[in-house]
Each structure stands twice: as C-alpha cells, then as structure tokens.
1. Between residue 113 and residues 5 or more places away or on another chain, which pairs have amide H atoms under 5 Å apart, with H built 1.01 Å from N, and which residues are they?
2. Given points 7 Å out from each Cα along the Cα-Cβ axis, report the residue 50 to residue 201 separation in nanometres with one decimal.
3. Suppose a student asked you for the relative contact order of the chain, using Cα pairs under 8 Å spaced at least 6 residues apart; what percent would you report?
4. From the backbone phi of the range 133-147, what are the Karplus-calculated ³J(HN,Hα) couplings (6.51 cos²θ - 1.76 cosθ + 1.60, θ = phi - 60°) in whole Hz, Gly and Pro given as x?
5. What spacing in nm lies between the two simple spin-label points modelled at residue 138 and residue 187, each 7 Å away from Cα in the Cβ direction?
6. Quick one: which residues, 5 or more positions from residue 66 or on another chain, have an amide H under 5 Å from its amide H? H modelled 1.01 Å from N in the peptide plane, none for Pro or chain starts.
7. Fewest first, what order do 137, 193 take by the number of other Cβ atoms within 10 Å?
8. Under the rule of at least 5 residues apart or a separate chain, name every residue whose amide H is placed under 5 Å from the amide H of residue 218.
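Readers should treat all values here as calculations from the given coordinates under stated rules, not as data from a laboratory. Keep in mind it's a predicted model, so treat the numbers as computed, not measured. Neighbour counts are summed over all protein chains in view; Cβ atoms, including those assigned to glycine, are modelled from backbone coordinates with ideal geometry.
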Amino acid sequence: MSDAASQCTKIESEKTRDKEVSWALLPYVEQNTILPEFYERKRTFHFAGHSIEIEQDWQNLGVAGVVWDAAIVLCRYLEEGKINVRGKAIMELGAGSGIVGILAALLGGRVTITEREVAMPYLSSVVNANMENKPDIKAVTMVQQLDWEKDLDKYDETFDVILGADVIYIEDVFPALLKTLEKLSDKRTEIYISCRIRYERDRRFLQMLKDKFIVSKVYVDIDKDVRIYKAIKR
Ligand SMILES: C[S@@+](CC[C@H](N)C(=O)[O-])C[C@H]1O[C@@H](n2cnc3c(N)ncnc32)[C@H](O)[C@@H]1O
C-alpha cells in the first residue's frame, strides 16, 4: 500500500470512530498534500509591505494549523489590490491560521475572522501576535467561532466581502457551507473562494454554488494549482 493509501485508510477508520477528529486532522491526504512547510513551527510571509508571522501546529491541529497554498494565493490577490477591502466589512470563513483575514485587516478592512471551536485558541493567538503593536487594527478585527454546521444562527448581518481559502473539501459539509455563504451575503457581497480542485466532489460544490450565485473564475495560479472564484448572489 502506498503511503497515501495507508493514510486514507487511517482517515476512514478515524472517520467511523470519531467524525470530529478526522475532520479536524486529516480530511484529505494525497501525494504531495503534506508539504514539508507544514512541519515548520514558524513561517514569515511578506505582503504589501507587511510582515505576517504564523506559528504552525500541524501535529495537533492538522489542516487548521498550517498555511495552505490557497491562502497564500488569496493573500497575493489581496496584495495586488484586486479586492477592495478598505473600510469594508469582511468575513473570513474557515480561517485556519487567519493569514488572509490578518492581511485584509492590515489593508484596512473591518474583519471578522472565523473558525471551528477546536481551532479558536490557535487562531486567536496568531491574530493577537500579529496585531500586538497595532491597536487601531486590532480594534476593528474580531476573531469569532463560526462552525458552518452549528453556529450560523448566531449571525444575522451580511458582509461586503467574504473570503474563504481552501474551504471546499468535506462533502458532508457542503450544504452547510453553502447555507453560510447564502446567509452572510446579499446581492452586493463579493465572495472570493480560493481552492485547488483535488476531487470530483470539489467540482460538485462549485456546481451547487452556481445554482445560488453567479460564479466566475477570476484568477489562476498555475504553479500552485490554485484558482480563485468570485461569487455574487443571483
Ligand atoms: C484546508 S484548511 C484551510 C485553512 C486556511 N483557510 C488556509 O487556507 O490556510 C480548511 C479549514 O476549514 C475549516 N473548517 C472545516 N469544516 C468547517 C466547518 N464546519 N465550519 C467552519 N470551518 C470549518 C477547518 O477547521 C480548516 O481550518
């Protein structure tokens, strides 16, 4: 059995035993998915003149504890000024380390950075560490729990911009993710989802999205194999 196949078997048994654990740690493992960078305890990124430091915790938090390529590509897109964030109400979904939301805040957005309960202490500590000497930015940045399956009824407002990096991967959660996008948006909301299409199911989510939103592919990073989709409510 290849390494990837044995990992998949492990995931399946974890999934049967404890759905939450499998989702938190290893929802997909394929050749090249576990990058050497995931084992780096600290990574420093430079975008738009800002330096963002991310502590990583792959061992304990899995997918939520590292920076994915989709986040890096979305940060570059933000850096290039392709999304108007200044003064806007921004929501980041499935933020993981929060790097995208942190950059959006540094670029002048009023950002709500969200995650599932299990990743909240990690996310808060990364955001706080990057805003230590930036009280004005910290004052307009919120870190909040939003599990698409459990917490949506706590949210009533809509946002100007919704950002999601590498959030399309668990098919069971697709309906909840779609509902979340619908609830948090209105017709003027710009939604940007950056992702690598790994499986047929990822395409199925895009199809579900197209039923409710006008979706266009606005950016492709060929080297990283990451696409950014923009969605506007129909
Ligand atoms: C592949 S990681 C991407 C993390 C980060 N956005 C990045 O690109 O570096 C997917 C993220 O989605 C989050 N996630 C998965 N299911 C979720 C749910 N039901 N509600 C909220 N977030 C969820 C995970 O906790 C994880 O942080």
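1. So residue 113 has HN proximity to 92, 142, 143, 144.
2. 3.3 nm
3. Averaging sequence separation for qualifying contacts and normalising by length gives 15 percent for the chain.
4. Those phi angles translate into 9, 10, x, 5, 6, 4, 5, 10, 10, 10, 10, 9, 6, 8, 8 Hz.
5. 4.1 nm
6. Answer set, sorted by chain and number: 57, 97.
7. Result, fewest neighbours first: 137, 193.
8. Hits under the 5 Å cutoff: 228, 229, 230.
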